[in-house]
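Quick notes on the structure that follows.
No value in this document is a laboratory result; all are computed from the given coordinates. Quick caveat: nothing in here was measured; it's all calculated off a predicted structure. Note that we place each Cβ from the backbone using ideal geometry, even for glycine, and neighbour counts take in every protein chain shown.
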Amino acid sequence: MKTVFSNVMAIYRRELQSYFSSPFAYIIAGVFWLLSGLFFIAMLLGPNGLIANVAYLDGKGITEPVDVPYEFLKVYLGVLGSISLFILPMLSMGLYAEERKRGTLELLATSPITNWAVALGKLLGVVTFFLTLILPLLVYEAIALSASDPPIQPTVFLLGHIGLILLAATVLSLGMFISSLTDSTILAGFLTFTISVFLWVIDLVATGIGGALGDALGHLSLEKNYTNLVQGILDPSSIVVFITYIVLGLFLTAQAIEAFRFQRS
């Protein structure tokens, strides 16, 4: 067990260092921060933002209470989830495709380190990099929400961001599998984005199908399960769905590399 952990951490450190030394990763981070910051300002402080709308309702004498922090966090995290669907495939597309292109995948496949350890280390590395992207968001969210009275419930704040991390890990895990199948980073990114969007909107397909099959497909929806967590609903089935996707991505990646190893033997 100690050897497996050491192998995972070695791959994890190698993968994380590769992101922090990549100019492309910094470009992705800059785009993510720019978009998330613009939406934050527009949704909260803009002329058509939430605060302006609440002030307008007060001026009209409409006194129905509005939980501004909760409504803002729910909508903002929904937007961050949508932005992440565009950003995450670009982070995952080179996880294995670059190894194929550089000719180092064969060394990984034939090394004493198990395929599972390599896949887990790579996934942890890219998820950690994504966590560094959302840390600044947490800071200015906390600053803005600290001014609310009454304060937002900590469980709502935590569940929403846990949902964002689980969504990211899901897309990155599936993207890692796609990346293990090709040496084209562009193709890997495009396929990952396509699959992610399909899983995001599959609930609409399920509604059109209806019946038991429609219900089953509806449970697979990333958007539906993500929304549950963003709304502060601790639904164990939603967490199970995300974890299942993550494990499935790891399993399929390990099998893809095992097939590659078999071809080379």
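Remarks
- FRET efficiency for the Val201 to Lys2 pair, using the beta carbon distance and R₀ = 35 Å, is estimated at 0.20.
- Once the mean of 1/r is taken over each pair of separate Cα atoms and inverted, region 83-224 shows a Kirkwood hydrodynamic radius of 17.1 Å.
- Each label was represented as a point 7 Å from its Cα along the Cα-to-Cβ direction; for Asp67 and Ala212 these points are 3.7 nm apart.
- A convex hull fitted around the alpha carbon atoms of region 148-265 yields 132 Å³ per residue.
- Between Lys101, Lys224, Lys74, the Gaussian network model of the chain with springs among Cα atoms under 10 angstrom shows the greatest mean-square fluctuation at Lys101.
- Using θ = phi - 60° and Karplus 6.51 cos²θ - 1.76 cosθ + 1.60, couplings along region 163-178 (whole Hz; Gly, Pro as x): x, 5, 5, 5, 4, 4, 4, 5, 5, 5, 5, 5, x, 5, 5, 4
- In plain terms, the residue of Thr170, Thr114, Thr132 with the fewest other Cβ atoms within 10 Å comes first and the most crowded comes last, giving Thr132, Thr114, Thr170.
- Kirkwood radius for region 106-173, taken over all pairs of different Cα atoms as the inverse mean of 1/r, rounds to 14.4 Å.
- For the chain, the Kirkwood estimate of hydrodynamic radius, built from reciprocal distances between every pair of different alpha carbons, is 20.0 Å.
- For peptides 37-48, 115-126, 251-262, sequence by mean Cβ density within 10 Å, most packed first: 115-126, 251-262, 37-48
- Axis angle, to the nearest 10 degrees, between helix 50-59 and the longest C-alpha principal axis of the chain: 10 degrees.
- Gain on full stretching of the segment that runs from Ala259 to Glu106 - 0.36 nm per residue minus C-alpha separation: 53.9 nm
- Net length gained if the chain between Asn48 and Val247 were fully extended (0.36 nm per residue, minus Cα distance): 67.5 nm
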